[in-house]
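The values are calculated or read from the model by the stated rules, or taken from the named source; none is laboratory data. The shown structure was predicted, so the numbers you read here are calculated from the model rather than taken from an experiment. Positions of Cβ are backbone-derived with ideal geometry, glycine not excepted, and every protein chain shown enters the neighbour counts. Surface areas here come from the heavy atoms of the whole protein model, side chains and all, with no ligands, DNA or RNA. Shrake-Rupley method; radii C 1.70, N 1.55, O 1.52, S 1.80 Å.
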Amino acid sequence: FQNPVTNEGMNLTTARSPFSVSSLSNGDDRKFSLGGCSSYDTDSVASRSSGVFSGYDTLDTPPSYDFYSNTEIFGRAKKSRPSLFQLHSNPQDDPSPPPLYEESSVDKQSPDEDEPTEPPPEPARFGWAQGVMIRCMLNIWGVILYLRLPWITAQAGIGLTWIIILVSSSITGITGLSTSAIATNGKVKGGGTYFLISRSLGPELGGSIGLIFAFANAVAVAMHTVGFAETVQALMQERDVSMVDKLNDIRIIGVITVTCLLAISMAGMEWESKAQVLFFFVIMVSFASYIVGTIIPATPEKQAKGFFSYRADIFAENFVPGWRGLEGSFFGMFSIFFPSATGILAGANISGDLKDPNVAIPRGTMLAIFWTTISYLIISATIGSCVLRDASGYINDTVSSLSGECLGVGCNYGWNFTECMTNKTCPFGLSNYYQSMSLVSAFAPLISAGIFGATLSSALACLVSAPKVFQCLCKDKLYPGIGFFGKGYGKNNEPLRSYLLAYIIAICFILIAELNTIAPIISNFFLCSYALINFSCFHASITNSPGWRPTFRFYSKWLSLLGAVVSVIIMFLLTWWAALIAIACGHDIVCVLYISDVNWGSSMQASSYNMALSQCVGLNQVEDHIKNYRPQCLVLSGPPCMRPSLVDFISTFTKNHSLMICANVITGGPSPGSVDSAKISTHLKWLDKRRIKSFYHTVVADDLHVGVQMLLQSTGLGRMKPNVLVMGFKKNWRKAQPNNIENYIGILHDAFDLQYGACVLRMKEGLDISRTMQAHVNLGFETSTEQALDTRSSTTTTSPTIDTSLDPEELMATSQPTTVFQTRQGKKTIDVYWLSDDGGLTLLLPYLLTRKKRWGRCKVRVFVGGEAQKVEDQKQELKALISRFRLGFQDVQVLPDINGKPQSEHIKRFEDLIAPYRVSSVQKDGQEADETTKDFSWMVSDEEMETFRAKSLRQIRLNEVIQDYSRDAALIIVTMPVGRRGACPSSLYMAWLEIVSRDLRPPVLLVRGNQENVLTMYCQ
C-alpha cells in the first residue's frame, strides 16, 4: 500500500467521473457557460455591483423541476444543475479541467429550419373512470357472471357463495393494493403489468412474466370470443339455424368476431374506449332489467320454471349448500368462480394511455373491485331469494292436479316438482338451468345483450392489453429478434404489428373451439402475475430501499406476501398441472437466516462468506441507478466511543438500509505499537453492544489529512463503497493551529474532488467526549487546546494532558453514554433549509430519518428561498416538485426575507470572527507579495473579503432566519455552502460553516450532495 504524496502535490481531481460539458474559450479562462444563463465569473459569482443583495445571486442554483425531469417542455430550454466541478474547482489550478455538465449557451438568431414551430399533437389520454374503472369492471364481468353465478349459488348456497366471492375479492383486492403501491412509486409509463414487475423485481422475473402475461392476454382473447360464439350458437340452435355444425359454427363466429374487434383496436384507443363505454352501458341496462325482474310478480309460466319473486323460505332453503355432481365442493365452486374475479389489471395494462397513472390506477382499480364485488353479492343474494333449485317447467305440475307426497319449497306456493326432483331430471331451477338470469329478467333479450357486452368487452380489453405489454417488452430488447413488433404508429404510438401477432395467436386458439381446455391455463398465468405483483410489493418493502416511496399508503407488505402465497395456492387448486407449468417458468427464492454467537468454523459460516463474496462480485455487473441510491457513509469518528452522538445519528438512517463505516486515522509511522493502538476488536465490540451495524476501518498515516485521503480512495469493496463523507464540526477551530484548519477544510475539498457528498454535524455541547471518558483521541477533530497548539506533538496519538490510565478494554466495560439520538423525538419538527439544489441529498436524509420510530412523529418542514412578489407561486411549484418525489413532505415555506441584508451587529460579529486571519498590508496574489506571505494560504486578503462578501452576507442572514424559525426543532438540516479550492481561504470557509450553525440549540447537519440526482420522479 503506497501512501499518497503530500497535500500540495496530490491532485484528486483526476478521479472525477467524466462529464459531457463544454467550456468557453473566449479569452477568459475563468468563465464558463451555463445553458440558458450568461457566463459566470468563477471567482466572483456571488458578488454583483448592485446594492441590493440577492439570495439567488450565485452560481449555486435553487431547486428546480428541470433538474430531475427527463423530458423537455416544448418551446423552452431545459435548465441544468451546475456540476460540482463548477462550484468547487478553481480553473487556474487545473490547466485541463474536465468539461462541465451544461452545454454552452449559444444565442440563436433564428430558429433551426428542422426544428418544429408547433408542439406535437397531444395523444388521447384517459382519466381514472373511463381509462381504468370501466375497463377493469368490464374485464371482471364475464360469462361466469351471467351463466355460472346462479348455478354456483345453488351448489354452495348463498352463505358459502358470499364467502367464495369475498375470498376471491380479497385476493384481487390485495393485488390491487400492491399494484397501486407499485404504480405510485414514480412516474409509470406504458407496459402495464410487465412495466410494474420488471421495474420492481428486475428484468429477469419481469421479462419472463411479461412474455407470459402478453401471451396469456392473447389467449384470453380467444377464450372470451369462444364464450361469445357459444352463446350465439346456442341462440341459433334454439331457432334451428346452423351454418355447418356446432363446432365449426363456433369457429366461424369466433374468427369473424375477433376480426371485428381487431378493426376496432387498430382504429385507435379513442374508438376502443368508446366501444368499451357502449358495452358498459349495455351491461348496466341488463343489470337494471334483472333487478326490475326480481320485483315484478312471477307469471305462471315463470313459476313453473321455479321463479317466485322474493320469498323468505326460498332464501332460507338456498342459504345452505346443496352439493351435486363431481364438482360439488367448496374448492370446486371456488375454482370455477375465481376466474370471474380476475381482470383487475386491465387498466394498468394501458398505463401509457392514462392522463395520470399514479392517480388513475389506484382509484380506478380499487373502485372496480369494490363495485364488481357488490354486484356479485347482490346477484347471488337476489337470485337465491327468488328461484328454486329444481323445477319441471310444466304448467300442469300443481299441487291440485297431482296426487301423492309433495317435496320442496314449491309446495308452499301450489307447485309439485316431486317427480323430477326424485328422478333428478328437472330441466329448470338454479341447479339445472344456466340461463336463470334470463328467466328472472324483465326482458330476457337484455340478458343476452349483457352476455354479449361482457364477453366482447373482455375480449377487446385483452386484445388491447397484449400488444401494449408486448410492445414495452420489445422496446426493452430483452429478447433477440422481437424488436420488429415494437414499432408504434400514430400519435398514440399504436403497436399495429403487435396487434396482428395477438390476432394470429387468438385465431389459433379459437380454432380449438373448446372453452374448458384453454381457461385453466389462462387463469394460472394470471394468478402467476398476481403472485409476482404481490411479491414485488413485499420485496420492495422488505429491502428498505430508499427509492421505495409509494404515495399510495394503504398497503401492507405482509398482506402483499399473503396475497402472493394464496395466489400460488389457488393456482394448484384450479389446475395443479398447469400450476406446475407456470411455476417451472419462475425462480426458486430461498431465504436463510442464521444467527449464532459461537464460532465453530461451521460450513454455514463458509457458505455465508461465499454468498457475500458472490453477491459483492455480482454487483460489479450492476450499473448504479437512482432508485437504488443509498447514502453509504464514511464516518470520521475516530474511536467510535469518543463521538457517540455522531455514530448514533448516522446509524439512525443507515441501519438495515445502507453502508456505514466508522474510520479512524492513527497519526505516526507504521509500527506494531500503532497497529495495536487501533484496538479494532474493542471498537467492534463497542459498536455491537450499542447495536450499531457498522464496519470499522483504521489507517496509519503521517497526519490526519493524508490519512483521510487514503480512506476516501481505498475504503469499500467493489460497489459497496462510501459515497458520503460524514465528519463532526471542528468546534475549537479558532484556537487551533492554522494548519489544522487547512487540513480540516482540505478534507472537504478532497471529498468534493472525489465526487463524494459531504455532511458536517454540529451539536451545541460538542461531539468529542474524550476528556470526559479519559481516553485517547485523534488529532484534528475537537482536540484540546493545548494539544492543538503544540505542533511538536503532531505525530503522537494522545495528548499529554489527558489521563490515559484507563485501558480501552476497561472503558468498554463501563456504561455507554446516552445521546439525544437514542431517544424518541416526539412531535417536533425537522427543519430542512433546501437553499441550493445539490441533487436531492438534503431532502433524502430527513426522509430516511422519518422512516424510523424515533423520528417517525416528527414533521418535516422544507424552507426555500424566494421573492416576495412570487411567494405563493414558488411555494406551489416546490410543493409539486416534492410531491413527485413521494417523500410525504407537505409543509413547504418560501422565505423571501432570506434575500435581505443581515443586521449590522451580526456583520460586525462575523468580521470580528475572521479578523485574526485577515491580512491587509499587501495583496496575497499581488506582484509585491512576499514569498513568506504566499505560504499563508489560510489568511484572507481585503480583495478576497470583497470578492466573497455577498456569499458571506448570505451565511450571516441565513443564521438569522434559522434563529427565527427553528429554535424548537429536533434537527436542522442546511445546504452546505461550497468554497472554491485555491480561491476561497480555508479560514473564510470555516467562518461560513461557523456562522451558519452558530448559537443554535438543536443539532445542525450541514449537507452537500455531489450535484448528481439521488431522487427521481420516475419508475425507471
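First measure r as the distance between the Cβ atoms of residue 493 and residue 620, then evaluate 1/(1 + (r/R0)^6) with R0 = 30 Å and state the FRET efficiency to the nearest 0.05.
0.25
Net charge within 13 Å of residue 512 by Cβ-Cβ distance, Lys/Arg positive one each and Asp/Glu negative one each, not counting residue 512 itself?
Net charge in that neighbourhood comes out at -1.
Note down the relative contact order for region 245-377 as a percent, whole number, built from C-alpha pairs under 8 angstrom at least six residues apart.
That works out to 9 percent.
Of all the accessible heavy-atom surface of region 701-747, with the other protein chains kept in place and a 1.4 Å probe, what percent is carbon and sulfur?
Carbon and sulfur atoms account for 47 percent of the accessible area of region 701-747.
Between beta-carbons, use under 15 Å as the cut-off and find the net charge around residue 427, counting Lys and Arg +1, Asp and Glu -1.
Spelling it out: positives minus negatives among the neighbours equals 0.
Past 21 Å, Cα to Cα, is the threshold; run 731/901; 79/475; 355/557; 731/764 against it and keep the listed order.
Long pairs (Cα-Cα over 21 Å): 731/901; 79/475; 355/557.
Quick one: which residues, 5 or more positions from residue 391 or on another chain, have an amide H under 5 Å from its amide H? H modelled 1.01 Å from N in the peptide plane, none for Pro or chain starts.
Under 5 Å from the amide H of residue 391 lie the amide H atoms of 428, 429, each far enough along the sequence or on another chain.
Keeping all protein chains in position, work out how much accessible area residue 277 exposes to a 1.4 Å probe, and write it in Å² to the nearest 10.
Using a 1.4 Å probe on the heavy atoms, I get roughly 60 Å².
Using the beta-carbon distance between residue 558 and residue 919 and R0 = 56 Å, what value does 1/(1 + (r/R0)^6) give for FRET efficiency, to the nearest 0.05?
It comes to 0.30.
So the label point goes 7 Å from the Cα of residue 569 along Cα→C-beta, right? Which residues of region 153-171 then have their backbone N under 13 Å from it?
Under 13 Å, as judged by backbone N against the label point of residue 569, lie 167-168, 171 of region 153-171.
At a 1.4 Å probe, what is the % contribution of carbon and sulfur to the accessible area of region 432-586?
Answer for region 432-586: carbon and sulfur cover 72 percent of the accessible area.
Using unit Cβ charges (K, R positive; D, E negative) and no other charged atoms, how large, in debye to the nearest 20, is the dipole of region 229-268 about its Cα centre?
Rounded to the nearest 20 debye, it is 140 debye.
For a quick check of your reading of the filter: which trypsin sites (Lys or Arg not before Pro) in region 221-286 sit in a DSSP loop and have no more than 14 other Cβ atoms within 10 Å?
Sites meeting the loop and neighbour criteria: 239.
Protein chains only, probe 1.4 Å: how do 954, 691 rank by accessible area, largest first?
Accessible-area ranking of 954, 691, largest first: 691, 954.
Spin-label point model (7 Å from Cα, Cβ direction): what's the residue 285 to residue 405 distance in nm?
The two pseudo-label positions are separated by 4.9 nm.
Could you check the simple spin-label distance between residue 999 and residue 423, using points 7 Å along Cα→Cβ, in nm with one decimal?
Here the modelled spin labels are 10.5 nm apart.
State in Å² the accessible area per residue of region 284-429; use a 1.4 Å probe, count heavy atoms of protein chains only, and round to the nearest integer.
44 Å²
To the nearest 10 square angstrom, what accessible area does residue 302 show with a 1.4 Å probe?
50 Å²
Would you mind counting up the charge near residue 237? Only other residues with Cβ under 15 Å from its Cβ, with Lys and Arg at +1 and Asp and Glu at -1.
Cβ neighbours under 15 Å give a net charge of -3.
Suppose every Lys and Arg Cβ carries +1 and every Asp and Glu Cβ carries -1, with no other charges. What dipole size does region 271-332 come out with about its Cα centre, to the nearest 20 debye?
Magnitude of the dipole: close to 120 debye.
For residue 500 and residue 274, what does the FRET efficiency come to when R0 = 22 Å and r is the distance between their Cβ atoms, rounded to the nearest 0.05?
Efficiency at R0 = 22 Å is approximately 0.50.
I need the peptides 874-887, 966-979 ranked by packing, meaning the mean over residues of other C-beta atoms within 10 angstrom, with the highest value on top.
Highest-to-lowest ranking by the protection proxy: 966-979, 874-887.
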